[in-house]
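Trainee: Take a look at the following structure, please.
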Amino acid sequence: MITSDRRANRIAHCSAAVAAALALVALAGLAGCSRRHSQAEDKSSNSTPVAAAPIPEKALPSPVYASVPATSADDVLTYHNDLARTGANPHETILTPENVNGRSFGKLFSDPVDGFVYAQPLYVAGVAVPGKGTRNVVYVATESDTVYAFDADKAGPPLWRKSLLDGGSAPTGQDFACGQIVPRVGITSTPVVDLATKTIYVEDMVKHGHGKRATYVQQLHALDLATGVEKFGEPATIAGSVSGKGAGSNKGKIAFDAFLHLDRPGLALSRGIIYIAFGSHCDLGDYHGWVFAYSADHLRMRGVWNVTPNGSQGAIWETGDAPAVDSQGDLYVMTGNGTFDGNSGGSDYGDSFVKLGWRGNSLRALDFFTPYDQQQLNDQDLDLGSGGLLLLPNAAGQLPLTVGAGKSGVIYVLNRNHLGRFNAQGDSQIVQRISGQISGSFSTPAYWNGRVYFGPVSQPIKAFAFSRDRLSTAPVSQTPDQFDYPGATPSISSNGNKNGIVWALDSSNYVSGKPAVLHAYDAANLSHELYKSPSSGAGGPGVKFTVPTVAHGHVYFGTQHSLEVYGLVRH
């Protein structure tokens, strides 16, 4: 635990030593400012965001459009492509290792937006937009509390644009004395799309008023895919409480504080329920990790779960990874530093993998795994939940597994039916524990064709082979490039088990405002780099933790003031 005075001193120290702090985090994710830098501190301007001017079309090569129209198979509706969070698009028939190169692949265009884009862009084919025909649409959410619907195939003004401010303003990092998300804190998490009801669900934060009288609200919106119109008349205000005697409790209850908490993880949609997870702003105040459940129809709260109801902290942030969901509808999350007493029958789960599910009308922890060295992880700010997890596909005769890693760089492979709980003598009860092969993880791994891909800090992206319930104990291939802090969350495109391409963004220069660099590698052999975008003058300044979206021959990603679009070109 860190006292309030120590918190203030560390924040002041970190504000004066960004470069040193980033170096420390990149190398080890530990000491100095690292607890204040769970997501690293930005030093970008806090001035009002200004939309970037579109790049003149004559300055860019002509796109090569596919003869086959996009279909629902091309859709990317949620963070990292699916509920298992594999990051794989196995329906990409246009981009191949043969045509992704510096001659036939490159930037097509960019569309300006009004703020930083932390959320992953989402793609929906064949949306009937009133007055504008049927379009393939890419949806972009910004920290200025704006949602955009752009034509996915060509540059131009948005098909629609929706501000979610409702008379308020997007808070700034200065409101929280926190530089993790800057310059504004509006929409941070990746939205989720429900094709059945043609709805995109978005969570945002809004500030009303000024100074000491300012109030803050977290909201869940349901917007029409074709028009951006708010469904159900108005958004749902996220609020709730749980029983507990932990930090911030009052008369045996802990109420959710909208000001203290940040919806960093992407939204999850399963069986008609939207799940929203929360961490903190710079570990400030009496915060906890939270998961809220709202009905997708009419946005009524269905349930709420707190990571540390009788303790403190336990943030859920996972570098933006959304809760993973299995075929039974159960959720999986990784938590950060915080109180842990699950080994003695308690209900606090700091630094743990937790499986959540419904028992009657109650959302509760069904199972957990906590590393034997949890106390050391907590004391040294080695959040397990700095990285995200994925669910490996079930195969006949194999165990249902989940894989994840955090700041310590230990890779954990767990049986989803029996996560392993806690063993003070070691982690021998779990399927596999691999140490010494990756550095700290501030990213979500990806899975494709029997391999798991990690993008650790200041190391190459590494592929581990998966066979018979085990990962190889060393990488089977790795990229020639290393990715400095914060590493990279890879996306993968393929045509089934052929033509696999690993896509990754190097956003390590986000503090200095330099562009993110898009890389493409042969998924079967990461040492073969297919493409690398220019490191200067190629687009908007990068944003940490961003994830590329690959759909129907295009690659989309957000920057500090634009949506960037890459694809096949005709020079």
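Read-outs throughout are calculated quantities, based only on the coordinates presented, and are distinct from any laboratory measurement. A quick note: this is a predicted structure, and the numbers were derived from the prediction, not measured. Please note: Cβ atoms are built from the backbone with ideal geometry, for glycine as well, and neighbour counts cover all protein chains shown.
Trainee: From the cross-link list Lys132/Lys231; Lys107/Lys532; Lys162/Lys231, which pairs have alpha carbons spaced over 18 Å apart? Please report the intermediate quantities before stating the final value.
Mentor: Working: Lys132/Lys231 21 Å; Lys107/Lys532 11 Å; Lys162/Lys231 13 Å.
Where the Cα-Cα span goes over 18 Å, the pairs concerned are Lys132/Lys231.
Trainee: Just the C-alpha atoms of the stretch 464-516: what Rg/Rh do they give, with Rh taken as the Kirkwood radius?
Mentor: Details: Rg = 14.5 Å, Rh = 13.5 Å.
Taking Rg over the Kirkwood Rh, I get 1.07.
Trainee: Please pull out the direction-averaged projected area of the stretch 58-165, using the convex hull of its alpha-carbon atoms, in nm² to one decimal place.
Mentor: Averaged projected area of the stretch 58-165's Cα convex hull equals 8.5 nm².
Trainee: Kirkwood Rh and Cα-based Rg: tell me the resulting Rg over Rh for the stretch 423-571, rounded to two decimals.
Mentor: 1.01
Trainee: Among Tyr412, Tyr349, which comes first, then next, by fewest other beta-carbon atoms within 10 Å?
Mentor: With the sparsest Cβ surroundings first, the list reads Tyr412, Tyr349.
Trainee: Can you pull the percent of Cα pairs in the stretch 312-446 with separation above 18 Å? Working shown, then result.
Mentor: Details: 4499 of 9045 pairs.
Value for the stretch 312-446: 50 percent of Cα pairs lie more than 18 Å apart.
Trainee: What does the highest-first list of 445-453, 380-388 look like by mean Cβ count within 10 Å?
Mentor: Per-residue Cβ counts within 10 Å, averaged per peptide and sorted highest first, yield 380-388, 445-453.
Trainee: Hey, another quick one. Using only Cα atoms, what is the ratio of the radius of gyration of the stretch 4-570 to 2.2 N^0.38 Å?
Mentor: Dividing the Cα Rg of the stretch 4-570 by 2.2 N^0.38 Å gives 0.89.
Trainee: Fewest to most neighbouring Cβ within 10 Å: what's the order for Glu98, Glu92, Glu230?
Mentor: The fewest-first ordering by Cβ neighbours comes to Glu98, Glu230, Glu92.
Trainee: So, R0 is 41 Å and r is the distance between the beta-carbons of Asn497 and His418; what FRET efficiency does that work out to, to 0.05?
Mentor: 0.85
Trainee: Which value results when the Cα radius of gyration for the stretch 374-453 is divided by 2.2 N^0.38 Å?
Mentor: Working: Rg = 12.9 Å, N = 80, 2.2 N^0.38 = 11.6 Å.
Working it through for the stretch 374-453, the quotient is 1.11.
Trainee: I've got another one for you. Using a simple spin-label model with points 7 Å from Cα along the Cα→Cβ vector, what separation in nm is obtained for Asp166 and Asn394?
Mentor: 3.9 nm
Trainee: Summing -39500 (n - 2.57) over the DSSP H runs of n ≥ 4 in the chain and dividing by its residue number, what mean residue ellipticity at 222 nm do you reach, to the nearest 500 deg cm²/dmol?
Mentor: -1500 deg cm²/dmol
Trainee: Another one. Phe369: net charge of surrounding residues, Cβ under 12 Å, Lys/Arg +1, Asp/Glu -1, itself excluded? Each step should come with its number before you reach the end.
Mentor: Working: positive: Lys355, Arg416, Arg421, Arg433; negative: Asp351, Asp367, Asp427.
Summing Lys/Arg as +1 and Asp/Glu as -1 gives +1.
Trainee: Would you mind checking which residues have amide H under 5 Å from Gly406's amide H? H placed 1.01 Å from N; only 5 or more apart, or other chain.
Mentor: Those lying under 5 Å, H to H, from Gly406 are Ser441.
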